[in-house]
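Reviewing the structure listed below.
The values are calculated or read from the model by the stated rules, or taken from the named source; none is laboratory data. Bear in mind the structure is a predicted one, so any value in this text is a computation, not a measurement. Every residue, glycine among them, receives a Cβ derived from its backbone with ideal geometry; neighbour counts consider all protein chains shown. We work out accessible area using only protein heavy atoms, side chains counted, and drop any ligands, DNA or RNA first. Shrake-Rupley method; radii C 1.70, N 1.55, O 1.52, S 1.80 Å.
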Amino acid sequence: MAILQLTTEKENTLCFDFLEEKIREESKKLIESIYADEVRQFLKRMSAVVDEKGNRLVVRNGYHKSRTVQTACGNIEVTLPRVDDRKATEKFVSKILPPFARKTPTLETLIAALYLAGVSSNKFQEALSSVFGEESKGFSPATIIRLTRDWAREFQEWKKRDLSGKEYVYVWADGVYVKSRLDGEKTCLLVIIGVGVDGKKELVAIEPGIRESTQSWREVLLDLKFRGLTKAPKLAICDGALGFQNAVDEIWGQMKIQRCWFHKTANILDKMPKSVQKKATKMIRDMHMADTRENALKAYDKFIETFRAKYEKAVENLKKDKDDLFRFYDYPAEHWTHIRTSNPIESTFATVRLRHNSTKGNGTAMATEAMAFKLCQQAEKGWRRLKGFEKLELVVKDIKFENGELKEAA
């Protein structure tokens, strides 16, 4: 049996080696073919550029010296055609493989992903040498420094993008605190994620602020407004910080708020001893998981009656946000799991915190912001469309829902 298993493993290894080699061969052919086609198109476009004798000034001129390109499937040595364009005003520059490129864009993405996942920059060569061999020398700390600078520039450009015509049905807002290692600053990142009528979530804003103050949130919302986001969302899901709610009232007018049950639960339990937290957690869950507002309020009253004698502060913390806690019952039941909490932000920034824990923080506040932005962009690609997104159009039209169902059909 052992001999058979060993033989099978050896055959599998040989099979995978064969497949990888074939993939590299086909990749080589594809790169060279596309590059050659780019050259042909360029020569055709420049065919009218001639000297006084009618001779073309842009022609093929043999091949470049072979060069190794690092790709996600390993190192590939390619031989590419050369263009003699020295006497022409327009020079040939390949879009698939620029002159000094040694890594494909896919590999650049891989480097970014590893860095953001917590791999230290000085560990890159060791981590990737098994895939790219000696050619992994290109993965140096300098590569990461360049990438973070690129992310910072990309972040600044993203913050200036035009938002005209944009409309969000729901928005999630929260402040996330992260600390930079070199300057010792604790940055509060004010984050907004929105969902459009198509049900797709997207990052709307990420800005450093002074805590979660009204003025900081006001500046964020004003910036969005001046860049074209003039229509107020139908509902904002937030952690109850008055800074955001006050700013919303000023910039977007009176807007409906759904208090995040995740934050509310943590705030209540913080005011109770551990001995009763398990019981309290279950009772809180009975509130926000009830099938109707009526049943939720019954669970709410039961919690108050059970704990108000001994844990008055915990009960008061629950009572002060009563209306905003049960707002989700006025929206389609399919959306409840999305709008009861600010989970889209919490889950995304769990990755930011993981990165910070593994590297003891970013060097500077600016690097922290750029890294958080890039992480959010990567996370955005995996965000799922809102369940029951077809009903978002009804929400936009202010169609009334009762206990998650159309009021007419309730």
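Could you list all residues from the range 208-263 that are more than 15 Å from residue 169 (Cα to Cα) and either among the hydroxyl-bearing types (Ser, Thr, Tyr) or in contact with a His (Cβ under 8 Å, 6 or more places away or on another chain) (or both)?
213, 214, 216, 239, 240, 261
Please enumerate the residues belonging to the range 235-255 that are surrounded by 17 or more Cβ atoms within 10 Å (Cβ to Cβ) and in contact with an Asp or Glu (Cβ under 8 Å, 6 or more places away or on another chain).
Result: 238, 239, 240, 241, 243, 244.
Please specify each residue of the range 301-353 satisfying the condition of being among the small types (Gly, Ala, Ser), in a helix (DSSP H, G or I) and either touching a Phe, Trp or Tyr at 6+ places or on another chain (Cβ under 9 Å) or farther than 25 Å from residue 189 by Cβ (or both).
Within the range 301-353, 314, 333 qualify.
Within the range 202-210, is even one residue surrounded by fewer than 19 Cβ atoms within 10 Å (Cβ to Cβ), in contact (Cβ under 8 Å) with a residue 60 or more places away in the chain and either under 30 Å from residue 318 (Cα atoms) or aliphatic (A, V, I, L, M) (or both)?
yes
Considering only residues of the range 342-401 that are open to solvent by 50 Å² or more (accessible area, probe 1.4 Å) and in contact with a His (Cβ under 8 Å, 6 or more places away or on another chain), which is modelled with the lowest pLDDT?
387
Just to be sure I understand the filter: pairs with C-beta atoms under 7 Å, separated by 6 or more residues or on different chains, first member in the range 80-98 and assigned to a loop (DSSP other than H, G, I, E, B), second member open to solvent by 90 Å² or more (accessible area, probe 1.4 Å). Which pairs pass?
Here the result reads 80/63; 85/91, each pair linking the range 80-98 to a residue that is open to solvent by 90 Å² or more (accessible area, probe 1.4 Å).
Is one or more of the residues making up the range 48-56 of a type outside the set (Val, Ile, Thr), open to solvent by 90 Å² or more (accessible area, probe 1.4 Å), at pLDDT below 85 and assigned to a helix (DSSP H, G or I)?
Checking the range 48-56: not a single residue is of a type outside the set (Val, Ile, Thr), open to solvent by 90 Å² or more (accessible area, probe 1.4 Å), at pLDDT below 85 and assigned to a helix (DSSP H, G or I).
Please go through the range 57-79 and give me each residue that is modelled with pLDDT under 85, assigned to a loop (DSSP other than H, G, I, E, B) and touching a Leu at 6+ places or on another chain (Cβ under 9 Å), ordered by number.
72
Do we have residue 218 as farther than 30 Å from residue 281 by Cα, open to solvent by 60 Å² or more (accessible area, probe 1.4 Å) and either in contact with a strand residue (DSSP E or B) (Cβ under 7 Å, 6 or more places away or on another chain) or outside any loop (DSSP other than H, G, I, E, B) (or both) here?
Yes, satisfied.
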